[in-house]
Every structure is written in C-alpha cells, then in structure tokens.
Amino acid sequence: MNALVVAALALLVVTTTPYVGYLALYAWVQPAGSPADKQDWEPDVSIVLPTYNEAQIVETKLDDLLKLDYPMEKVELVVVDSSTDDTRGIIREYFEDLDAPELVLLEEDKRRGLAPALNDAYAAASKEVVVKTDCDSKLPPDVLREAAANLADDDINAVTGRNVEVLGGSEVESGYRGVQSHIQQLESHLDSTLIFHGPFSAFKNDALLPIDPNSLADDTELALKIRRQGGRVVFDPAVTYMEASFSDFVKRRKQKDRRGMGLIRLLVQHRDALGKYGKYGQVVLPFNWWFMIVSPWLLAATLVIGIGAAISVFGVVGVAFPAAVCVFAYLGQSDRLGPFQPFYSISDTQVSLLRASVELLRGKTDGTWEVDSELREAFE
Ligand code: GDD
Ligand code: MN
C-alpha cells in the first residue's frame, strides 16, 4: 500500500481513538442530569452583569432579570460598566422608581477589559450566591431556582448550564452545544466539568477567587481555580439560557477563535494540574487537552495527508476527496447537513481551536474585543 495512504489511515485512527474511548466511557457512566443532590433553596443572590456599550439591549436584559421567578428583595444586581455610550444612564433611570432588586453600579472611567471589571464586581457582590450573566444572554424564569438547588448540596461550589436555544438560529452552534453538553454531563458525574459558560454561571460567594486580569476565558478560569482549591464545579442541563450565534463560517471565526485562545492558554497555564485532583486531572483535563490542543493539529494533518493519498492513488479522480470536504463545509455552514450537522459543528470548533493555537504561538493575546452589535440584534 502507498505510504501516504498508510499514514493517513494511521493518523485517522490515532485522532479518533480518544473520541471513541470517551463515547464508551459515556455509555458506561450513563450520566443524566446534574450529579448534585438538588434541593429547594432560596438564598440571597448577587447577580453580576458586566456591560460595555450595551445601550441597544440593556433595557431588555433588565426586563428579563425582573421576570425571574425569585423574590427580588433577595436579589442584588451588581453592574460593572465600562461603556462610552449611555448604558449606565439607562440603568440608573431604570432603577429610579424600583424598590427591588437593589442596584450596585460600579463605573469604570476607562475600559480595562472584562476580567478586571469582573474581579471588581465579584469583590463587591455581598450575597451568599453569586450569579454571573452576560448582557446578550436571555434567561428563563426558573434559572435561579435550578441553580440554587444545585448549590444547596454542600459539596457543590459552582454550577453552569446549557445553551438551549441559539438566538439567531445558528444550527452550527446548536449542533456543537448539543455534543458539548453531553461531554459536560459526563465530566460532572466523573468529578467536575472544565468549561463554564459566561452567559450563565452561579457560584457560592465564599468559593470565589480573583481571575487573571488578562484572561480571555474568565468563567472557565474561575471554575478551574475553584476546583483546584478542592471545590466541585458542575454542569446541570436543567439550568438553561439562550445566546446569539452566527452560522456563517467567516462571521463565526472572530468570537470562536478568541474563546478558543482563552481556553487553550488557560489549559497551558494550569498544565501542572494534569494528573492531580482525582478524575478531574486524570480524565477531564487530559480529554480537554486532547480536544482543544492536540486533535485540531492531528485533524489538519489527516486532511492534508488524506488529500495527498487520494490524489496519489486515484490521480485526478482523487480530487473528489477535497471537493467533498468543501461541499461538506459549504452545506454545514448553511445549516443543511441534517443529521450530520453535529459533525460539521465539531469540525468548525476544531478549525477555531487550530487558528487559536496559531494565534497564541504568534503571541497575540489582547484582553479586550469588539462587542458584536450584529449579535445584539438577535437579542432584541
Ligand atoms: N465591564 C465590562 N468591560 N464589560 C465588558 C467588557 C469590558 O471591557 N467587554 C465585554 N463586556 C461585557 C459585554 O457587555 C457582555 O455583557 C459580556 O461582557 C460578554 O461580552 P461579549 O462581547 O458578549 O463577548 P462574548 O459573548 O464572546 O463573551 C463570552 O466569552 C467571554 C470570555 O471569552 C462570554 O461567555 C463571556 O461571559 C465570557 O467572559
Ligand atoms: Mn456575547
């Protein structure tokens, strides 16, 4: 057999084996729901909301928060605002004739980036449970109760949830989120999950720790640090939120690449955690290293060598292989792959992770970004 063919097949086997292993583990553990011993609990809650030029949607966000099924007398809203538009004016006016929730408004004169802003907000949060949410995420009324029920378990220090409906209707993103939520359930049942979702996460106040001011993955960083301190951080599919996303290949890159960069950098910074902290360091972290750092390069190599192998074996007819890959990508980004859409979604994420690795190697790590106004339109 042709050496290129052997190499391509070998690479394919190496790349897919850990995924097959994880699927087998999933089938064995059969994780369902949250591992927490959930109980009704109604603690005082600080809701932390960072804002940067959100004048377009902040009022809708506040309406949404007031619709939560929770006694507002028990809620404190901590906004940290770094805007140059009128966001804080709108917020102040909104709260003028409102008795509850109580508003704590932290005003920054200069934008320093999300992580330092959040550190201030977390330090100001005074209630027993602290929730972090983004301006461009929608929350269902039951979300605080579901989150609190998880935190009622003494062993659980933080909980995040599932993106149930991708605003703007991107099938690419929802396909990926579906796969991701199964992985996160498995991780939570084994020990703790790695990825925490900024649109909605909840923490016990006494578990909070400062995050790296340059962080591009503040929520996951916080969860990882809490786990390293001996806490347990889980994913509960009953805790839900909605967030806007694009399907278009090019539009997706900006946000996904940045998030990928933040996560990869975080894993590398905390590489000493590998192998420690029970199954978290023995299974969860290695799998995420594989998925985020190793597998994107292997997949790219498989593709390149696979194309070489196809052409060397079939000559011109072998061009059908790269052509098929292009058709797959084209149909995938326009949400037309039907049942195969999740496979495209995973490839799309792998593309971002590969690009993120390259950007990191090139030394690009800016801590601020453009807030996407097109995504805001889906929210209104
Ligand atoms: N105060 C403050 N200062 N808020 C900011 C800043 C800043 O410099 N930059 C962004 N924000 C606010 C936005 O107004 C929004 O409410 C939230 O932070 C998230 O910003 P987006 O622009 O929507 O970014 P995203 O959707 O890609 O953010 C995701 O990734 C981040 C980490 O990479 C979310 O999951 C975030 O929660 C997460 O922190
Ligand atoms: Mn966002």
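Spin-label pair D37-A24: with each label point 7 Å from Cα along the Cα-Cβ axis, the two points sit 3.4 nm from one another.
With each label modelled as a point 7 angstrom along the Cα→C-beta vector, the H270-A301 pair spans 2.7 nm. Normalised by residue count, the stretch 45-249 yields a Cα convex hull volume of 118 Å³ per residue. The count of lysine pairs in the stretch 45-249 with alpha-carbon distances below 17 Å, taking only pairs 8 or more places apart or on different chains, stands at 11. Taking the charge dipole of the chain about its Cα centre, with +1 at Lys and Arg Cβ atoms and -1 at Asp and Glu Cβ atoms, the residue from F340, T16, S192 reaching farthest to the positive side is T16. For the chain, the Kirkwood hydrodynamic radius comes to 21.9 Å, computed from all pairs of different C-alpha atoms.
Calculated FRET efficiency, V294 to T84, Cβ-Cβ distance, R0 = 35 Å: about 0.30 to the nearest 0.05. Residues whose amide H lies under 5 Å from that of G168, counting only those 5 or more places away or on a different chain, are absent; hydrogens are built 1.01 Å from N in the peptide plane. Applying both filters, DSSP loop and at most 10 other Cβ atoms within 10 Å, to the GluC sites (Glu not before Pro) of the stretch 29-128 gives E96. If the segment from D69 to E108 were pulled out straight at 0.36 nm per residue, it would be longer than the present Cα-Cα gap by 11.0 nm. Within the listed set V80, V159, V325, the residue fluctuating most in the Gaussian network model of the chain (springs between alpha-carbon atoms under 10 angstrom) is V325. The residue among Q180, P71, A300 whose Cα reaches farthest toward the positive pole of the charge dipole of the chain, with charges on the beta-carbon of Lys, Arg, Asp and Glu, is A300.
Largest mean-square fluctuation among L144, L331, L118, in a Gaussian network model of the chain whose springs join Cα atoms under 10 Å apart, belongs to L331.
GNM on the chain, alpha-carbon springs under 10 angstrom: the most fluctuating residue among D40, D81, D218 is D40. Loop-resident trypsin sites (Lys or Arg not before Pro) (DSSP state other than H, G, I, E or B) in the stretch 187-279 with no more than 13 further Cβ atoms inside 10 Å of their Cβ: K276.
Placing unit charges on the Cβ atoms only, positive for Lys and Arg and negative for Asp and Glu, gives the chain a dipole magnitude near 2360 debye about its Cα centre. What does the charge add up to near S174, with Lys and Arg as +1, Asp and Glu as -1, over the other residues with Cβ less than 13 Å from its Cβ? Net of charged neighbours comes to -3. Residues L186, L11 in ascending order of nearby Cβ atoms (within 10 Å, fewest first): L11, L186. A Förster distance of 41 Å, applied to the separation of the beta-carbon atoms of A100 and K279, puts the FRET efficiency at 0.45. 3J(HN,Hα) couplings calculated from phi for the stretch 308-324 with the Karplus curve 6.51 cos²θ - 1.76 cosθ + 1.60 (θ = phi - 60°) are, in sequence order, x, 5, 4, 6, 5, 8, 9, x, 4, 4, x, 4, 4, 5, x, 4, 5 Hz; Gly and Pro show x.
By other beta-carbon atoms within 10 Å, ranking H189, H182, H197 with the fewest at the front produces H182, H189, H197. Rg/Rh for the stretch 1-145 (Cα atoms only, Rh after Kirkwood) is 1.23.
Bear in mind that the values in this text are calculations on the coordinates, not laboratory data. Since the structure is predicted, the reported quantities are computational estimates derived from the model, not experimental observations. Quick reminder, even Gly has a Cβ in these numbers, built from the backbone with ideal geometry, and neighbours come from all protein chains shown.
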